[in-house]
Amino acid sequence: MGHGNTQAIYLLHSKEIERFLVRRLSCPETAADLTQETFARLLRVGTTVQIENVRAYLFRIAANLALDHLRRRKHMPIPTDNADLQRVADTRPGQEQCLLSRQALMRLQQAIEDLPDRQREVFRLHKYHGLSYQQIADRLGIAKNTVMVHMVRALAQCRRAVDADHPEPG
């Protein structure tokens, strides 16, 4: 089997072999690697073997490679030593960060409550209910530019409240 013929076979069957392997392994990266290995093995056979059904032969190689991979993975050690587990980074926020976030949230909620009635209404319609500025303008019977002014002022008030204890470095 020449290289030109192998290339044609690769173009014809590689995608379906890779899909087959992804279904078997649930890992696109490993499936891509094993697809390449499948065709490498086909090249190694070369002209020494007469293959009647190349597609079936490729699927058999791919299935065997997947099975070998799963067997190897099954025997890989899982870290059970506490020292190994302690090296894994804990990405959860610490108690101090949780407290600071709760305090900022309370300041934000209070700032929203302290907004003038119309600003608070515009803010809630946009941020809580997802209405566009035009939809808010239509609902409240005001100009879209007025809605924008209310939002700019409301957001500025909220930003000042949240940043009250943490001024920008400057």
Checklist entry - Which pairs have Cβ atoms under 8 Å, sit 6 or more apart or on different chains, and link a residue in segment 71-100 that is surrounded by 10 or more Cβ atoms within 10 Å (Cβ to Cβ) to one that is at pLDDT 80 or above? => result PRO93/SER101
Item to check | Enumeration of residues in segment 12-36 that are surrounded by 14 or more Cβ atoms within 10 Å (Cβ to Cβ), under 16 Å from LEU67 (Cα atoms) and charged (D, E, K, R) | outcome: GLU18, ARG24, ASP33
Item to check | Residue ID - modelled with the highest pLDDT, chosen from residues in segment 1-38 that are part of a loop (DSSP other than H, G, I, E, B) and farther than 26 Å from ARG73 by Cβ | outcome: MET1
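The rows are residues; the columns are (1) outside any helix (DSSP H, G or I); (2) surrounded by 12 or more Cβ atoms within 10 Å (Cβ to Cβ).
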position: HIS126; (1), (2): no, yes
position: LEU131; (1), (2): yes, yes
position: ALA137; (1), (2): no, yes
position: VAL152; (1), (2): no, no
Checklist entry - How many residues does segment 39-53 contain that are farther than 14 Å from GLN7 by Cβ and assigned to a helix (DSSP H, G or I)? => result 3
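The values are calculated or read from the model by the stated rules, or taken from the named source; none is laboratory data. Not measured: the values here are computed from a predicted model. Cβ atoms come from the backbone with ideal geometry, glycine included; neighbour counts cover every protein chain shown.
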